[in-house]
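Taking it in order: structure first as structure tokens, then the write-up.
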């Protein structure tokens, strides 16, 4: 079977351009519409590109991967990710991830395939065209974000759905534009410098709505305090770094010494400051930052929890994507109140170091540092050997450092991963240049029909299992929510659980919807429909627990399902199962209030007044500064007719914080 290599290369190039449209993909008919569709779109294209590349290397050996250190670094990183998956608490979850994130081992394999093809097939000139394509899409992404800055659904991030994710994505493209300005001819040079400033404007505008703002407030938010603050600060630092590196080339001795001094001093100061902020709660830098940003959205408390989790599994960690289970096991009961961030669920540390330490252990962190800083070392080495020019070396060194620094407060998603691995493939391409002195034209081989059909079958299976099936499941979740027909709901429920990708999250999400429908349905008929669906979702939640003993949220939802069924059917067996399930949840996360509340609620269903009060009280005792748990306890006591005890508990609560008086007024009026 004769296939021309030039046509395959052309197809790979066209499809590579299409990957840059990933950030624009947004489909409301999908579960987590800002994340899942983008990830599946990219993975689908990556599989097609990889399949075409396999055909290409079978007929033309010139496109085989070239050995270089960047490839070695990426392989070390991938091996570490794989080992952490195998030795983690839930390998299946680490592999598949969930629709909300889509960054498990499966995605890493696709990113590696993408990297491998691009670094093997394309030359520097091709990448410069790709940079133009990526920048063009970034301009559109940025414009959509600015136009929709007031759209609450987009959260300041346009089609990326988050201003921090948008900031990371724009950061890469700003430096691509800067690179093109110094490397290309007049036409592209003008395009790149104009794009450079426009993209900076879009980055600074992230999450900043000028409506009804004083000009001074707008300027302050625009340049510093608005959305994507980490990306903004990293941009400023990276541009200063390039300037200082440029000064080291100066013939003026004073400027040269000045630049070297500030580079060394700045590097040491940055390292010391970052270490103090992350690992030394009593340090001057940490205290100063706390005055500015409080608990940093709960990050400081999450980081402390991360250190405890890392010390439990220091070598390979809990496994990629398993941060949430480590977090719940080492839960701090202060989560939920404002000083600790206000949230009770975290599936990321919002810090690349802590995220990696918890999920992949010290081995994973070392492999990440090898990949990132090893690449920077290669850039500097090639510059000193005069294999690349100053601007290529300095711009991409600054970019990778900026990317790392801003990732100390956020985390990667598919759009930033795409940019990162695309950048790595470009550096790998530069690594290959010395070995491409003259490529000898070799006679192209033919692919026999059996090999082609075998490859096509493998590709078809992979594309269906890893792309089509998850997409169908994701869509079925939305169809389940919108369908009023009981039979359709049952069919959509089964279809939503057909793919392993994100299955445990879908189970819990649909279980919550079904449970709420059974409890709070618009009428008795609707309640009956949802109650019947409880029998279908209950065994699915049990499967989640079997797959992962540490799935605290699965225990909670199962315990609540059993409690509700037991109360409605007056079934002691279900109530007994609920008690055992919720007590297991307490074993997993003993400092988390949620299981205590549900267990207290279960005892209330049974009419066991003293036990119900006891467990509601325990939720208060875990952190007496959380107003909400005092309110739950007082409300319970009022319901049970324990007015004197309720009055006593109100007095105790107001001694803790007199400002809560307004919240307890309705109870005081009914005493």
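Could you say which residue among 446, 525, 547, 538 is surrounded by fewer than 15 Cβ atoms within 10 Å (Cβ to Cβ) and either at positive phi or touching a residue at least 24 places away in the same chain (Cβ under 8 Å) (or both)?
Of the residues listed, the single one that is surrounded by fewer than 15 Cβ atoms within 10 Å (Cβ to Cβ) and either at positive phi or touching a residue at least 24 places away in the same chain (Cβ under 8 Å) (or both) is 446.
Looking at this structure, is residue 366 surrounded by fewer than 20 Cβ atoms within 10 Å (Cβ to Cβ), in contact (Cβ under 8 Å) with a residue 60 or more places away in the chain and not in a loop (DSSP other than H, G, I, E, B)?
Yes; evaluated as a whole, the condition is true for this residue.
Exactly one of (1) in a helix (DSSP H, G or I); (2) crowded, with 24+ Cβ neighbours inside 10 Å is unmet by residue 156. Its number?
The number of the failed condition is (1).
Any idea which of (1) farther than 28 Å from residue 64 by Cβ; (2) surrounded by fewer than 24 Cβ atoms within 10 Å (Cβ to Cβ) is the one residue 349 doesn't satisfy?
(2)
Only one of these is in the same structural domain as residue 194 (by TED's automatic domain parsing), closer than 21 Å to residue 417 by Cβ and in a helix (DSSP H, G or I): 116, 139. Name it.
The unique qualifying residue is 139.
Please work out if residue 611 is touching a helix residue (DSSP H, G or I) at 6+ places or on another chain (Cβ under 9 Å), closer than 30 Å to residue 543 by Cα and in contact (Cβ under 8 Å) with a residue 40 or more places away in the chain.
The answer is no for residue 611.
Looking at 627, 647, which one is surrounded by 14 or more Cβ atoms within 10 Å (Cβ to Cβ), at pLDDT below 95 and in contact with a strand residue (DSSP E or B) (Cβ under 9 Å, 6 or more places away or on another chain)?
Among 627, 647, only 627 is surrounded by 14 or more Cβ atoms within 10 Å (Cβ to Cβ), at pLDDT below 95 and in contact with a strand residue (DSSP E or B) (Cβ under 9 Å, 6 or more places away or on another chain).
Being part of a helix (DSSP H, G or I) and touching a residue at least 12 places away in the same chain (Cβ under 8 Å) is the filter here; which residues of region 142-153 pass it?
Those that are part of a helix (DSSP H, G or I) and touching a residue at least 12 places away in the same chain (Cβ under 8 Å): 142, 143, 144, 145, 146.
In region 28-35, is there at least one residue being assigned by TED's automatic domain parsing to the domain that holds residue 430, part of a helix (DSSP H, G or I) and touching a helix residue (DSSP H, G or I) at 6+ places or on another chain (Cβ under 7 Å)?
no
Just to be sure I understand, how many residues within region 532-556 are out of contact with any helix residue (DSSP H, G or I) (no Cβ under 7 Å at 6 or more places or on another chain) and in a helix (DSSP H, G or I)?
5
For region 254-283, give me each residue that is at pLDDT 90 or above and surrounded by fewer than 10 Cβ atoms within 10 Å (Cβ to Cβ).
Listed by number, the list holds a single entry, 254.
In region 499-522, what count of residues is obtained for those that are without any contact (Cβ under 8 Å) to a residue 40 or more places away in the chain, outside any loop (DSSP other than H, G, I, E, B) and farther than 30 Å from residue 309 by Cα?
Matching residues across region 499-522 total 5.
List the number of the failed condition for residue 109; all other conditions in (1) more than 20 Å from the chain's Cα centre (by Cα); (2) surrounded by fewer than 24 Cβ atoms within 10 Å (Cβ to Cβ); (3) part of a helix (DSSP H, G or I) hold.
(1)
Given the condition touching a helix residue (DSSP H, G or I) at 6+ places or on another chain (Cβ under 9 Å), farther than 28 Å from residue 165 by Cβ and not in a helix (DSSP H, G or I), answer yes or no: does some residue in region 98-106 qualify?
No, region 98-106 contains no residue that is touching a helix residue (DSSP H, G or I) at 6+ places or on another chain (Cβ under 9 Å), farther than 28 Å from residue 165 by Cβ and not in a helix (DSSP H, G or I).
Taking into account only those residues within region 13-24 that are surrounded by fewer than 21 Cβ atoms within 10 Å (Cβ to Cβ) and farther than 16 Å from residue 132 by Cβ, which is nearest to the chain's Cα centre (by Cα)?
By that ranking, first place goes to 24.
Looking at 470, 500, 539, 484, which one is modelled with pLDDT under 95 and closer than 25 Å to residue 32 by Cβ?
484
Okay, residues lined up against (1) under 38 Å from the mean Cα position of the chain (by Cα); (2) in the same structural domain as residue 543 (by TED's automatic domain parsing); (3) at pLDDT below 95; (4) not in a helix (DSSP H, G or I):
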residue: 558; (1), (2), (3), (4): yes, yes, no, no
residue: 565; (1), (2), (3), (4): yes, yes, yes, no
residue: 580; (1), (2), (3), (4): yes, yes, no, no
residue: 590; (1), (2), (3), (4): yes, yes, no, yes
residue: 599; (1), (2), (3), (4): yes, yes, no, no
residue: 662; (1), (2), (3), (4): no, no, yes, no
residue: 667; (1), (2), (3), (4): no, no, yes, no
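Look at residue 454 and say whether it is at negative phi, assigned by TED's automatic domain parsing to the domain that holds residue 63 and assigned to a helix (DSSP H, G or I).
For residue 454, the condition - at negative phi, assigned by TED's automatic domain parsing to the domain that holds residue 63 and assigned to a helix (DSSP H, G or I) - is met.
Where the second residue is at pLDDT 90 or above and surrounded by fewer than 12 Cβ atoms within 10 Å (Cβ to Cβ) and the first is farther than 24 Å from residue 305 by Cβ and lies in region 267-281, which pairs have Cβ atoms under 9 Å and are six or more apart or on separate chains?
Pairs found: none.
Taking region 58-85 on its own, how many of its residues are in contact (Cβ under 8 Å) with a residue 60 or more places away in the chain and either within 20 Å of residue 468 (Cα to Cα) or part of a helix (DSSP H, G or I) (or both)?
17
Residue check: is residue 209 under 25 Å from residue 413 (Cα atoms) and surrounded by fewer than 24 Cβ atoms within 10 Å (Cβ to Cβ)?
Answer is yes for this residue.
What's the total number of residues in region 298-328 that are surrounded by 16 or more Cβ atoms within 10 Å (Cβ to Cβ) and assigned to a loop (DSSP other than H, G, I, E, B)?
So the count comes out to 9.
Looking at 380, 418, 372, which is the one that is in contact (Cβ under 8 Å) with a residue 12 or more places away in the chain, surrounded by 21 or more Cβ atoms within 10 Å (Cβ to Cβ) and either in a helix (DSSP H, G or I) or out of contact with any strand residue (DSSP E or B) (no Cβ under 9 Å at 6 or more places or on another chain) (or both)?
418
Of the numbered conditions (1) surrounded by 22 or more Cβ atoms within 10 Å (Cβ to Cβ); (2) assigned to a loop (DSSP other than H, G, I, E, B); (3) more than 16 Å from the chain's Cα centre (by Cα), residue 344 fails exactly one; give the number of that condition.
So residue 344 meets the others, but not (1).
Is it the case, given these coordinates, that residue 133 is surrounded by 19 or more Cβ atoms within 10 Å (Cβ to Cβ) and either within 21 Å of the chain's Cα centre (by Cα) or under 20 Å from residue 10 (Cα atoms) (or both)?
Here the answer is no, as residue 133 does not meet what is asked.
Report yes if residue 333 is surrounded by fewer than 19 Cβ atoms within 10 Å (Cβ to Cβ) and outside any helix (DSSP H, G or I), otherwise no.
Judged against the criteria, residue 333 is not a match.
Quick one: residue 111 ticks every box in (1) in contact with a helix residue (DSSP H, G or I) (Cβ under 6 Å, 6 or more places away or on another chain); (2) farther than 22 Å from residue 70 by Cα bar one, so which box is it?
(2)
The values are calculated or read from the model by the stated rules, or taken from the named source; none is laboratory data. In this text the structure is predicted, and so the values were computed from the model without any measurement. Because the Cβ atoms are built from the backbone with ideal geometry, glycine has one as well, and the counts that use them run over all protein chains shown.
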